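The values are calculated or read from the model by the stated rules, or taken from the named source; none is laboratory data. Given the structure is predicted, the values throughout are model-derived calculations rather than measurements. Glycine gets a Cβ as well: all are built from the backbone with ideal geometry, and neighbour counts include every protein chain shown. Accessible surface is based on the protein model in full, side chains and every heavy atom, while ligands, DNA and RNA are left aside. Shrake-Rupley method; radii C 1.70, N 1.55, O 1.52, S 1.80 Å.
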Amino acid sequence: MVITLLGTGTSSGVPLIGCLCDVCRSVDFRDKRLRTSAHISVDGRSFVIDTGPDFRQQVLRLNLLQLDAVLFTHEHKDHTAGLDEVRAYNFRSGQDMPIYGRPTVLAQLQREFAYIFAEHKYPGTPHVVLNELRNEPFEVCGIPITPIEVMHHKLPVFGYRIGDFTYLTDLNYISDEELEKVKGTKVLVVDALQRQAHISHFTLDQAVALAQRVNADRTYFVHISHKLGLHNDVEKELPATIRLGYDGLQIQL
């Protein structure tokens, strides 16, 4: 399995438009963060988790020629806005794109991308197949996947475990029951927005605490805002098995 972090930034990205802070003016490529998304290549199959506003740029940078399915964590725009770009893969494969998400997510997509689901479609629009997820294991192209329900303030969000890899974004709470599903993970990716308390995201300290409870071999933080600090400075504070993710980082399992 190869996991590529397509984007590691929060909803506004880094740099933030109009901001002149040290992070937004940094020349370190690791401080340039597109909206959070990931690509997973496993057993010859190719999936993405979320298609944010930067999705086109991300897959072009990765030179991603094959995409078999899209998994959505939740319905916020910074995770769904790039759905239209899957049409390029329709053209390439001649197949409809399977997309997976909670019923609320799929309903939101049908509202926001009504033209995709219209009875009389405009030529060239994406072709997708909706697959509703419940909080129970499922398969995509024969690959077993376990959803993990977390809370993004009052909004339920699905993280996903695929083999020894677990991906949890946009959360500030996970129950003990759901955390049991994460145990034994070798690579964990988890939300760490900023240092200050936030209504719907883990702080850096909260993310470190969760990582230490899971005790994965490697943990990477994502959904990072410019308020967290410079990549190079923050990494010096972290335990050896915990790193900040950055755009383009590839993790092999």
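The figures follow:
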item	result
Failed criterion for F72 (all others in (1) farther than 23 Å from N232 by Cβ; (2) at pLDDT 95 or above; (3) surrounded by fewer than 19 Cβ atoms within 10 Å (Cβ to Cβ) hold)	(3)
Within the stretch 17-29, tally of residues that are open to solvent by 50 Å² or more (accessible area, probe 1.4 Å) and at negative phi	6
Residue list for the stretch 1-52, filter: in a loop (DSSP other than H, G, I, E, B), touching a Ser or Thr at 6+ places or on another chain (Cβ under 8 Å) and among the small types (G, A, S)	S12, G52
Which numbered condition Y115 fails, given (1) surrounded by 15 or more Cβ atoms within 10 Å (Cβ to Cβ); (2) farther than 22 Å from Y160 by Cα; (3) hydroxyl-bearing (S, T, Y)	(1)
Qualifying position, being basic (K, R) and either within 16 Å of the chain's Cα centre (by Cα) or modelled with pLDDT under 95 (or both), among R195, R161, R243, R218	R161
